[in-house]
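Undergrad: Below is a structure I'd like to ask you about.
Each reported figure results from applying straightforward, stated rules to the coordinates on display, with no laboratory input. Small disclaimer: the values here were computed from a predicted structure and weren't measured. Here the Cβ is made from the backbone with ideal geometry for all residues, glycine too, and neighbour counts use every protein chain on show.
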Amino acid sequence: MSIGTSNTNPSMSRRNFVGAVALPALFAPQAHAAVAQITIGITLDTRPDWYPMENFVLSMQEAGSVGYHWVETFWPYVTPWEKNPQALKDLLAKLNLKLETISNGRRFDIGTEGNFWDPGVRESNIEDHMQIVRFIHGFNCDHFKINCGARPAHTPENTPTIYKEMSRGLNELGKRVSDLGMKFGIHAHTGSIFETQQDVDSLLELTDPRYVHFIVDTGHVTMAGMDPVELTRTYSSRIIEYHLKDTAPQYRGGYKGPDGKRGVVPRSGGGRGAGRGASMTAADYAKNRMFFELGNGGVDFPGILAILNERGWKGWMTVELDSTGSNAKESCTVSKKYIETVLKLKV
């Protein structure tokens, strides 16, 4: 007897009828486990053939031609459009691109940008950052990411007082960003005041989770001795973005070499906001790499993704690489292929 006609058969009992109607539920597909909602972006003005100011539009064109749709950049690169943001919107639209966010990104060793530990410059520093926030708010960006500047010259390590003062500034900036409906995140970066496991644990404990979030750069945290998988497991509720770069296979789980020997590319002044040397050539960078295209083996990206999927995480993964053994376009193509074929994520 077919289930489809059972309710018209007078010989079927009520118990049998209810069981028959309920039977399809036994074969209904089970609810799927939570899956992360990840949007892929790319940082534009990186790699030697992209970062000179005159090549900024080239970086947009090439990233778009490879198939990226969301782009991140640094404030110095968009200041030509500060008074005319519509022109930048039109350019992005022409290239089928959208703006993910804009970072501060000036050099760590000059000025006060990123200095949240000195009360004397805190308010002016916050207002400088809010200038960027107001600009990206007009592009409907959902988050603001910053680097945190250099360690104080008078001390090689952070102190409880420095952490406390930094947290005050970061909380205030985060509150103002939140008031505009966006999230605010701090990026862990080698050579900065926010670099080590102690820095991460201390500042995330002292800052308000409502206002201050975490940007995990998989390359920088690895070379600072941390495991990005463990950071994900511990802080996924605070993480809003990953910067994706790989490292040498032997550093999987965290850098294990001697201090001061991380293969940092030498600086020679000039260059883009983070301080790359204008006199450095592509060959120089290729010989001094500590970061690589995705799939090199130093970062367990599938391990990170597995945790994010388990927890139904929502946020950004942004391809960012400071050096390449070839050229910028080929480099970002390699990472895109890894994201699509290994991680099975849509770019």
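Undergrad: Can you sort 148, 332, 141 by how many other beta carbons sit within 10 Å, fewest first?
TA: With the sparsest Cβ surroundings first, the list reads 141, 148, 332.
Undergrad: I would also like to ask the following. Hey, fewest Cβ within 10 Å first, where do 226, 60 land in order?
TA: Numbers: 226 21, 60 24.
So the residues, fewest neighbours to most, are 226, 60.
Undergrad: Now, a different point. Taking 8 Å as the Cα distance limit and 6 or more residues as the minimum spacing, I'd like the relative contact order of region 36-341 as a percentage.
TA: Relative contact order for region 36-341 comes out at 22 percent.
Undergrad: Something else now. HN-Hα J couplings of region 63-78 from phi, Karplus 6.51/-1.76/1.60, θ = phi - 60°, integer Hz, Gly and Pro as x?
TA: Ordered by residue, 3J(HN,Hα) equals 4, x, 5, 6, x, 7, 10, 10, 10, 10, 8, 10, 3, x, 7, 9 Hz.
Undergrad: Here is a follow-up. Just rank 322, 128, fewest to most, by other beta-carbon atoms within 10 angstrom. It would help to have the intermediate numbers written out before the result.
TA: Values: 322 20, 128 17.
Lowest count first: 128, 322.
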